[in-house]
Structures are given as structure tokens and as C-alpha cells.
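To start, the structure under review is shown below, and the notes come after it.
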Amino acid sequence: MQTETSPSRKSPPAQPANAADWLAATLVEAGVHRVFAYPGDPIIEFMERLRQHEVDVVLARREGTAGFMAEAEAMCNGSIGVCLSTLGPGSTALVNSVAAAQLDRVPMLAVSGQIETARQAVFTHQVVDHERLYAPITKWAGTLRAGAITSTVRKALRTAVAERPGAVHLTGPSDAFTGAVEAETGPLPPLSGSAAETVTIYRAPGAPDPLRLLAGTRRPILLVGIAATRCDAGSQLERLAETAGMPIVVAPMAKGVVPETSPWFAGVLDMACNDLVWDLLADADLIVAAGFDPVELIKPWQLKTTVLHVDTTPNTDQVYPSEVEVVGDVSASIAWLANEFSGEPRRSPDDVAAFRRRLLGGYYSGRVEGRLNPTDVVDVVRACSPSDAIATCDVGSHKLLVGQGWTTHEPRAMLMTNGLSAMGFGVPAAIAAKLVHPDRPVVGIVGDGGFAMTATELRLAAERKLGVTIVVLVDQSLNRIELKQMALGYPSTATRIEEIDIVALAEALDCDGVRAESTRELERALDDKTDSSRPLVVEARIDPSQYESQF
Ligand SMILES: Cc1ncc(C[n+]2csc(CCOP(=O)(O)OP(=O)(O)O)c2C)c(N)n1
Ligand SMILES: [Mg+2]
């Protein structure tokens, strides 16, 4: 469990030159040493102060991808991701990635510049009311105002990281940045997001004690989500699984919370073959929902099975009913359940293995012999990547396969958006992951639609010598949507996309590019990557027909 802020590199100056100087120093103290930005007039002063405090100001190619990079950085290391934009078109362009951090439950501080305070009341050119724009997609949207700068920043940081974490937006009028900060700045708040180790139990009238509930079951199962990753609950989850004999189903963004080679790992919810996973849950007599966030549900919750809610926060969503809640640090709660459980394990790893055989049978169905199938790409890329590789994926049919089929060995090693599920995440996330972990291989598996949205970010990767590998599944289709049109008997309207010469595009962006039409060509393309400082883009020309039998 994270209990301390990252070590500071520099304390705030005793006498900051202005509020921007103080804010830059405060972010450094809070452990921030990189921000992702797209500039404009009112944030010039803030960017310069960040530079003076040795913060790496990374220029993405547009605000939306800057925000995804900040989100991915926070997903990688559990810290707060910071992104900057200018006013008006900058702040409106940042909206998607702020909403992604909010729904993906990732701590983010997004800062947008604004015209000076006095002009805001009546001036209109490029002026958008940020507080109203950002209120529905953040935990809090505030403004830096003279006299309340320090408390506003403390509130922003504390709010972003507190359970459940999410996005905070701050508006910085240009005069607030260049103006003075209060004399009394106060200390930083705690920046640990994890919940208290003291566990609180809430019960509806007449509801059973959680220990008796678990003890009375014959077919319990664990459903694990992102709060378990935030609480580092993996080893305790495996211990409970073994002690009580419980298969583990994970939500997609929690992939890796327990190693997917664990004999108790059953599969991933709401990805490929989701019917089989739902059947497994329906067959249980108790679901221990451990840090499971219903924001990851694609299908409605239709189970009648009793749920024991174990999370950092009470079950305020009520997407699933639960009479009993164990609220606190998920690792501590699961450790308590494991310690107190007595009796024989209810199920064996053999039961889980039998289920996994069925699941994998479904996963590989629909392969076309002699063609490059989507599952072939997942298998080959996984086999060619070391076990500690970090993978990212985008949104579309390919995500549903990667989510189920990519074997993830550790937490925070598979980055995806499954709260907002916004296309265009996979490429910037791979770049951010490589910035955070320069020594680990990073591979992004993306659709041709999401790639077309974000490909130019690869010039940044090339410039910074970030040797990411991006595998583009080319089907010339926004497949996930085109399949739904087909199911309705409609023609493909606005879902076919024109071919791009991805190899030529990669070379134009100063990356290597390779085309692969078979598993052998794909293996060769990946094995031949020798220059670890040069991005590689693989145009994987797939036969998408396997997707049809999957969903
Ligand atoms: C920003 C955004 N716009 C639209 C969608 C709706 N959407 C979900 S999947 C998808 C198609 C993705 O196409 P592609 O990237 O080629 O992946 P594929 O489905 O072909 O694997 C679309 C349009 C979305 N999730 N995000
Ligand atoms: Mg596609």
C-alpha cells in the first residue's frame, strides 16, 4: 500500500517569484517531474517556471493526446498525471482525456490557461467557462484566484488522489500565474490515495456478518477490479483464493493484479467470450467483489448471486445490490477475510483449469486457417515480448481480444481505458509508458481507426528515442461498429476506412515500418527489431472475420 508521497526533488522556494513559480515548485514537491502540454499565451509563464524547476514539459501533438499521456503515466506508476492546455480551443480539446481519467479512476490534474481575471466578465474571444465545461467530467473544477491560490492547489491535489481517484481541472488566468502567492502557503496534504487499513463493515438490517456469509458458501468466486490494483492487493487475493478455494475473475483495467498464470485466475470480465465468464459468475453462490468498479461493465448486471462488496468506498453506485459492505483498504480487507476463513477450500485449481480450457476454446473460435487472425497477432506479439513488457491497447474489436488473450504477469503492465473507452488512447499511452519505464519493452496493439487518430504522436517518440512497438491491426474498418451495423442488417455507413501506407507513414515520422500478412512475417518483423531507441510500427494486415464469431 502506498503511504508516502514520492520523494521531493526540491522544496518550494522560500520566496516564490510568482504564483506560477510556487505552483511549479509545489508540483515537484508532490513528485511530479513531467507534464504533458500543448501551449498557448496564458500558460507561457507557468511552462517557463516548470522548465526552471527541471520539470520535463512534453509537447504532444494535440491536447487530447497530451491528456492520454498524462493518464497513462499515472496508470503506470500510481502517481498523479498532469496535463496543460491553453484557453478556449485548448481547453475544449482536452475534454476527452480528462473525462477518460475521471471514468478510468486515474488521478489527474489538468490545468488550462485563461484570459486575465478582469476581462473575463465581458470579453468573449476564445473565452469558455471552464468550471461549467469541466464540472460534469471531473471530481472538481476550480480556478486559481489571488488570495486563495495555495488552498485551491492543495484541494486540487488532495481531491484528485483521494479514493475514488479521478480528474481535477484548474483554470489559471494569466494574471493569477504572474501574480503573487499568499505569504502563508501551508504544507502539502497527504497524497496517498489508498484507504485506511482499518476496515469498516456496513450491514443492512438483518444482513449477515461477512465472515459468516463467506463461511456458509459452497461456490464462492472473486471478482477483482481496479481499486485492488490501487491497494496492491494481489498477494492477499491469491491467498484468499487458495485458502477458500475461489476462482478469480478480473475486470479489464485490473489485468495483472494477480499473475494470469496463477492457478486461480479464471478470466477477464466483459471482454471476448464474455458469456462464458458471466455464466461462471452466475454459477457461484457468493461473489466477493474486491475493488470491482462497475464503470467497467459493458453489459448490465443481471446476476441474482449474492455479492459481498469489498472496496475503498461504500457501494454508492448500486449497479449491483449488496447487503454487506467491507470498506477500507482492499488488501487489508481481503487479508482479514483470508485470516478468518476456516474450513476446506471450496473449489480446486482443477475446476479453474477446466473453465479456462472452455474459455480458450471460445477465444480461438472462428480462426481462418492460412490467414493472419486477430488472436494470432495477440499470440505472436505476446510470445515475442518479454514477460515484463508493458502493453497498451486501443478501443474496438481488438481490445476485447487483447483484454482476454494478453497474458499479463504483473499490475500496471496492461494499460487500457475501459471506463470512458475512448479511441485514440493506445499510441499516446505507449509513448508515456516508455517515458516512465525506459528500460522495459513497450508494445501498443491498436486498431487502424484509433491509429489514424493518433499516428503523428510517433514523431515525438522518434525524437525522444523511445523504441516503442506499435502493432496496427489493419482491417480497413471501424470493426466494432461495423459488426453492429451488420447485425442490424444495415449497410456499412461511415465505418469503412481508406487504406494508409503505414510503412511509408512510419518512415515519414522517423520510425521503422514493416508490413506483415502472416504469422511468420509478424514474428520476423518483431524479432528483427534490434534498435531499441527507434519506434517500430507494424502494419498487421488481419482477416477480421474471427471477430464475428467472438461477439
Ligand atoms: C473517441 C471515440 N469515438 C468513437 C468511439 C466508438 N467506437 C468504439 S470502437 C470503434 C471502432 C474502432 O475501430 P478500430 O480502431 O479500427 O478498431 P477495430 O474495432 O477495427 O478493432 C468506434 C468508432 C469510441 N469508443 N471512442
Ligand atoms: Mg479497424
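The values are calculated or read from the model by the stated rules, or taken from the named source; none is laboratory data. The structure displayed is predicted, hence computed values, not measured ones. Cβ coordinates were reconstructed from backbone atoms using ideal geometry, including for glycine residues, and neighbour counts include every protein chain displayed. What goes into the accessible areas is simple: the full protein's heavy atoms, side chains included, and nothing from ligands, DNA or RNA. Shrake-Rupley method; radii C 1.70, N 1.55, O 1.52, S 1.80 Å.
Going by the conditions given, is Pro136 surrounded by fewer than 19 Cβ atoms within 10 Å (Cβ to Cβ) and in a helix (DSSP H, G or I)? It is true that Pro136 is surrounded by fewer than 19 Cβ atoms within 10 Å (Cβ to Cβ) and in a helix (DSSP H, G or I). Within region 425-482, being more than 20 Å from the chain's Cα centre (by Cα), within 16 Å of ligand 2 (Cβ to nearest atom) and either within 21 Å of Leu94 (Cβ to Cβ) or not in a helix (DSSP H, G or I) (or both) holds for Ala452, Leu473, Val474, Asp475, Gln476, Ser477, Leu478. Among the numbered conditions (1) open to solvent by 40 Å² or more (accessible area, probe 1.4 Å); (2) more than 23 Å from the chain's Cα centre (by Cα), the only one that Thr152 does not meet is (1).
One residue is enough: does region 455-464 have a residue meeting the conditions within 10 Å of ligand 1 (Cβ to nearest atom), surrounded by 21 or more Cβ atoms within 10 Å (Cβ to Cβ) and either at pLDDT 95 or above or more than 22 Å from Ala525 (Cα to Cα) (or both)? Scanning region 455-464 turns up no residue that is within 10 Å of ligand 1 (Cβ to nearest atom), surrounded by 21 or more Cβ atoms within 10 Å (Cβ to Cβ) and either at pLDDT 95 or above or more than 22 Å from Ala525 (Cα to Cα) (or both).
Among residues of region 434-451 that are modelled with pLDDT of 95 or more, those with a Cβ under 7 angstrom from a residue that is open to solvent by less than 20 Å² (accessible area, probe 1.4 Å) and of a type in the set (Ser, Thr, Tyr), sequence gap 6+ or separate chain, pair up as Val443/Thr469; Gly444/Thr392. Inspect all residues belonging to region 528-541 and state whether any of them is out of contact with any Asp or Glu (no Cβ under 6 Å at 6 or more places or on another chain) and part of a helix (DSSP H, G or I). Checked against the condition, which is being out of contact with any Asp or Glu (no Cβ under 6 Å at 6 or more places or on another chain) and part of a helix (DSSP H, G or I), region 528-541 yields no hits at all. If you take the residues in region 105-133 that are open to solvent by less than 20 Å² (accessible area, probe 1.4 Å) and out of contact with any Gly (no Cβ under 7 Å at 6 or more places or on another chain), which one is nearest to Asp311 (Cα to Cα)? Of everything passing the filter in region 105-133, Leu109 is nearest to Asp311 (Cα to Cα).
Cβ separations smaller than 8 Å between residues 6+ apart or across chains give no pair from region 480-501 residues that are among the polar types (S, T, N, Q) to residues that are assigned to a loop (DSSP other than H, G, I, E, B) and open to solvent by 100 Å² or more (accessible area, probe 1.4 Å).
Restricting region 383-404 to residues that are in a loop (DSSP other than H, G, I, E, B) and of a type in the set (S, T, N, Q), the residue that is farthest from Arg520 (Cα to Cα) is Ser387.
Candidates Thr261, Thr313: the one that is within 24 Å of Arg105 (Cβ to Cβ) and within 23 Å of the chain's Cα centre (by Cα) is Thr313. Look at region 223-247: where a residue is free of Cβ contacts under 8 Å to residues at least 60 places away in the same chain and a partner is among the aromatic types (Phe, Trp, Tyr) and open to solvent by 10 Å² or more (accessible area, probe 1.4 Å), sitting 6+ places away or on another chain with Cβ atoms under 9 Å, you get Glu238/Trp264; Ala241/Trp264.
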